[in-house]
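Engineer: Below you will find the structure I want to go over with you.
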2 protein chains.
Amino acid sequence: MKGNCIVAQSGGPTAVINASACGVIQEALAHSEITGVYAAHNGILGVLNGEIFDLRQESRKTIEGLKTSPSAALGSCRYKVKSDADYAKILDVFTAHDIRYFFYIGGNDSMDTADKVARLAAQRGYEFRAMGVPKTIDNDLAFTDHCPGYGSVIKYLATMVMEAGRDTEAIYTTDTVNVIEAMGRNAGWIAAGTALARRNNEDAPHVILLPEVPFDKEAFKAKVRSYLDTIHRCVIVVSEGTKNPDGAYISEQKGDFARDAFGHTQLGGAAQYIKSLVETEVKVKARFAIPSTIQRNGIHWASLTDSREAYLVGRQAVIHAVKGVSGKMVTLERSPHRPYRCATGLADLAQVANGEKYFPKEWITPDGFFVTRDFFDYALPLIQGEVKPVMKEGLPEFMRFEKHFLQGE
Amino acid sequence: MKGNCIVAQSGGPTAVINASACGVIQEALAHSEITGVYAAHNGILGVLNGEIFDLRQESRKTIEGLKTSPSAALGSCRYKVKSDADYAKILDVFTAHDIRYFFYIGGNDSMDTADKVARLAAQRGYEFRAMGVPKTIDNDLAFTDHCPGYGSVIKYLATMVMEAGRDTEAIYTTDTVNVIEAMGRNAGWIAAGTALARRNNEDAPHVILLPEVPFDKEAFKAKVRSYLDTIHRCVIVVSEGTKNPDGAYISEQKGDFARDAFGHTQLGGAAQYIKSLVETEVKVKARFAIPSTIQRNGIHWASLTDSREAYLVGRQAVIHAVKGVSGKMVTLERSPHRPYRCATGLADLAQVANGEKYFPKEWITPDGFFVTRDFFDYALPLIQGEVKPVMKEGLPEFMRFEKHFLQGE
C-alpha cells in the first residue's frame, strides 16, 4: 500500500520516547511504500489542528539526534479523543493528506485512539493501517513484558536515591530522614525500581511506600524507628500514589488545578506529608525531594538497553505496517532464559487499551515496605548500559526539529 | 614535624568533597613526617566524641574510590563549635592521640573552627598545624576564585533544567509552566548556574529568581506572560533564598523544625509558592520540582574539572602543612588568560571565616531575571568534563570506609 505516514507522540514524555520516534522515522524513510513521512505536532492535537510537519525536510543528523534527546521532540499532549466528531476530523485530515500509515507512540489512551481511528477508516473503506508503539514510565501496559521508558526512569531515580542516600548517611546527625517522591499514580513500578539502589542494609532506600499497600501509619513509624535504632537514619521513597486504608491519597493537591485534563486528581505532596509525619510523630528532622518531571527525562543517565528497545519497537511498528499489519501494538517479549534477551511481538490495540499491568503483589515483602528478589531479577536487566549524550561545552546538546509545517489542506 | 594527622569533613555534602578527602589522605600517606592518618567521624563531632578511625587500615581501592563517591564518606556534621570547653576538649583529644596536623574540609564555619583550634594550640605551646580545604556548593567563600563542589552542582542542575525543560516544551498544552527550586540560602550562585542550560531563546531556563533581586511580583508575572505569548511555556528556576522586597523569604517553612542547628531558617516551599502564584494569578497550570540534596551529590554527572580541583586542594593542604604552613586555607586562583587554567594559593583561615563572596550585581541582567555573558565566561570552565563513576550492574558503586575506630585514650 503506497501512501504517506504520520507519527505522533502522546502523554508524559520519557527519556527514550524520541528513540522510538527515531526508529519509526528512519525505518519509514527506508521503505518505498511510504512516500511522505510526517509528524503530528503535539500528538493527536496536531492532527485535529492541522499542525503537521514534514520530517523529510529535517536533517539526518537531527533525526539521529532523537536517540540522545529526552522528552517528546514531536510535541505531546494529554488530549483525550472522545467525540465521534473528533474521530471524523482526524480521518478527514488523514484522508486530505493521503496518510495511510499512523504510528502512535504512547500509553493506553493512545492505543485506544489509534484503534478507533483504524476502525473508523475500515468503516469508511479508507485503506489505512494504525500501529501502536508502547511508551510509559509507569510500566503498566498489558501484553508487554515492560514498557520503553521504564528502565531509564528507574535507573536514574535509583541513582538519585543512592546519591541522596549518601548525603543522609553523612549528615544524619542533623538531617536524619530523607523522603524522595517517585512518580506513579496507580502502580508502584517506579517507586519499586529504586530498590535496585540497595545492595546491603546500609544502602538507601530503607523503606518504599507503594500504592499497592494501604499506608499503615503505625507500622511505618515502627519501621522508621527500627532504622533509627540501628543505622541512625532512614531514607524513604514514597510513591505519589500512596493511599490511606480508606483509599484516599495520603496527600491530595488542592486548588483550581487539582485535576488534569482527564479528570485525574493531580498528586503531589506525598513527600511533604511523610516528612511532616516523621517530624511530628517520630520526632526527628526530615528533608524531602520531589524530582517530578526531572526523573523521566534523564537522557544523560538513561538505560542503553531501554533506549535500544525503544528504538526497536519504533522500527518494528513500521516493518509490520508495511507488511500489512494494522490495529496492533508492538510488544516486548523477554526470553525465559538467561542472559536477558528481548524480542518483539504484537498485541491488539483494543486489548492493550483496556488492560493494565499491576505490580505483582507477590513481589512486595511481607511487611509491605520493600520488594523481593524476584523484582530485582525482573528489573535489573532493564537498566544496563548508559546512553552517551552528545556534549557541547560541558552540557548535553539536544536536537530540535525545524518543523516545516504543511500548508492548509 | 613528626606526628599524626586527622582529616574531617563538615557541612553540607557535595559530589566532590570526597575527592578532597582523597587528596588529603593519599598525600598524607606519602609523607614520612605524617605517621598516623586518622579521620574524625562526622566532622568535629567525631573529635569531641572521640570517634576517630584509622585510615591506614582502609584499602587503597577504598581510598581511590573516594574520587567517584558522592557526599562525605568520613561523615559530616553541622555542629558549630562555640564554647571554650569544646575547643579545649578538641585540643585535649588531639594531644592524647599526638595529632599534629588537622585538615578540615568545609566552609566558613569549618575554617573558623580550624583557625581557633590552631590558636589555642599556639597558646598552649602544642606544636600543631591546621589547614583548611574549601568545600561548598554555595560558592560563597572569600579569597578563592570558586569553591570545589560548585562546578558539579551547577553542571548537574543545569542538565536537570535542560531535560525537564524539554518536558515542558513537549507538553506545554497542559503543563505550561515548570518551577525548579535551586539550593542557595544567601547567594544566587547555584540558581544562576542553571543559566548555562540556555543556549537560545527556546531553551530553559527562561526566568531565574535570585536572592540578590527582591522579588517583584508584577514584573515577574509580566515576564512569565511574555514567554507564554511567544513560546507558549515558561521554565522558572527559583533560588530557595529568594526574598520579598521586605526581606522575608518568599516562603518560609513552618513547624517544629523550622530552624537548623545554627538557628538559620530552614527554607523550602519557594517552588510551591511560585507554582501557586502562577496558577492563581497568571492562570496557567504549573508544576514544580525540588531536587533538594539530590543536586549536590550527583557524582554520576559531576564535573571532572571540579573533581580534579577538589583533589588538588586536598593534596596541596598536606604539602603546605608538611612544609610548615598553618592557619591557611588552600584557594583556587584562575589564570587571567585563556584557555582556563587554575592554580592554588593560600588565604588566612580567619579572613576566610569572616568573609563572604557575593554574586556580582553586575552579572544580573537589568530586568533582574537572568544573568549576563560575564557569568557564562566565569562558570563554563568549571563544568567541563565528566567524572566516570565505577559501575556495577547498571548503577554506580560507591565506596564505604570500614572505620576501624581507635580505642579510648
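Engineer: Taking A:ILE171 and the conditions (1) among the hydrophobic types (A, V, I, L, M, F, W, C); (2) within 30 Å of A:GLU356 (Cβ to Cβ); (3) within 10 Å of chain B (Cβ to nearest Cβ), which numbered condition does it fall short on, given that it satisfies the others?
Structural biologist: So the condition that A:ILE171 fails would be (2).
Engineer: Let me ask something else. Only one residue in A:LYS89, A:LYS82 is away from chain B (no Cβ under 14 Å), in a loop (DSSP other than H, G, I, E, B) and not acidic (Asp, Glu). Which one?
Structural biologist: So the residue among A:LYS89, A:LYS82 that is away from chain B (no Cβ under 14 Å), in a loop (DSSP other than H, G, I, E, B) and not acidic (Asp, Glu) is A:LYS82.
Engineer: Collect the residues in the range B:185-202 that are among the small types (Gly, Ala, Ser) and at pLDDT below 95, keeping them in residue-number order.
Structural biologist: B:ALA187
Engineer: Hey, A:MET111 hits all of (1) closer than 24 Å to A:THR305 by Cβ; (2) modelled with pLDDT of 95 or more; (3) surrounded by fewer than 24 Cβ atoms within 10 Å (Cβ to Cβ) but one; which does it fall short on?
Structural biologist: Just one mismatch for A:MET111, condition (3).
Engineer: Another question, then. Among (1) part of a loop (DSSP other than H, G, I, E, B); (2) within 14 Å of chain B (Cβ to nearest Cβ), which single condition is A:ARG296 missing?
Structural biologist: Going through the list (1) part of a loop (DSSP other than H, G, I, E, B); (2) within 14 Å of chain B (Cβ to nearest Cβ), A:ARG296 breaks only (1).
Engineer: Now for a separate question. Among residues belonging to the range B:4-43 that are in a loop (DSSP other than H, G, I, E, B) and within 15 Å of the chain's Cα centre (by Cα), point out the one that is nearest to the other protein chains (Cβ to nearest Cβ).
Structural biologist: Looking at residues that are in a loop (DSSP other than H, G, I, E, B) and within 15 Å of the chain's Cα centre (by Cα), I get B:PRO13.
Engineer: Could you tell me whether B:SER292 is surrounded by fewer than 22 Cβ atoms within 10 Å (Cβ to Cβ) and modelled with pLDDT of 95 or more?
Structural biologist: So B:SER292 fails the test.
Engineer: Take the residues in the range A:372-409 that are aromatic (Phe, Trp, Tyr) and within 10 Å of chain B (Cβ to nearest Cβ); name whichever of them is surrounded by the most Cβ atoms within 10 Å (Cβ to Cβ).
Structural biologist: So, considering only residues that are aromatic (Phe, Trp, Tyr) and within 10 Å of chain B (Cβ to nearest Cβ), the one surrounded by the most Cβ atoms within 10 Å (Cβ to Cβ) is A:PHE398.
Engineer: To continue, here is another question. Conditions: (1) more than 22 Å from B:ARG287 (Cα to Cα); (2) surrounded by 15 or more Cβ atoms within 10 Å (Cβ to Cβ). A:GLY241 meets all but one. Number of the miss?
Structural biologist: Unmet condition: (1).
Engineer: Let me ask you something else. Tell me the residue from A:GLU163, A:GLU181 that is over 20 Å from B:MET391 (Cα atoms) and surrounded by 24 or more Cβ atoms within 10 Å (Cβ to Cβ), please.
Structural biologist: Only one candidate passes the filter, namely A:GLU181.
Engineer: Name the residues in the range A:360-380 that are touching a strand residue (DSSP E or B) at 6+ places or on another chain (Cβ under 8 Å) and in contact (Cβ under 8 Å) with a residue 40 or more places away in the chain, would you?
Structural biologist: Selection gives A:TRP363, A:ILE364, A:PHE369, A:PHE370, A:VAL371.
Engineer: Every residue in the range A:174-192 that is within 11 Å of chain B (Cβ to nearest Cβ) and not aliphatic (A, V, I, L, M), please.
Structural biologist: A:THR174, A:ASP175, A:THR176, A:ASN178, A:GLU181
Engineer: Mind listing whichever residues of the range B:326-347 are touching a Lys or Arg at 6+ places or on another chain (Cβ under 7 Å), in contact (Cβ under 8 Å) with a residue 60 or more places away in the chain and not small (Gly, Ala, Ser)?
Structural biologist: Hit for the range B:326-347 is B:CYS342, nothing else.
Engineer: Oh, and also: I'm told B:ARG287 meets every condition in (1) in a helix (DSSP H, G or I); (2) within 12 Å of another protein chain (Cβ to nearest Cβ); (3) modelled with pLDDT of 95 or more except one. Can you identify the failing condition by its number?
Structural biologist: Exception for B:ARG287: condition (1).
The values are calculated or read from the model by the stated rules, or taken from the named source; none is laboratory data. Source: prediction; values computed, not measured. In this analysis, Cβ positions are derived from the backbone assuming ideal geometry, glycine residues included, and neighbour counts consider all displayed protein chains.
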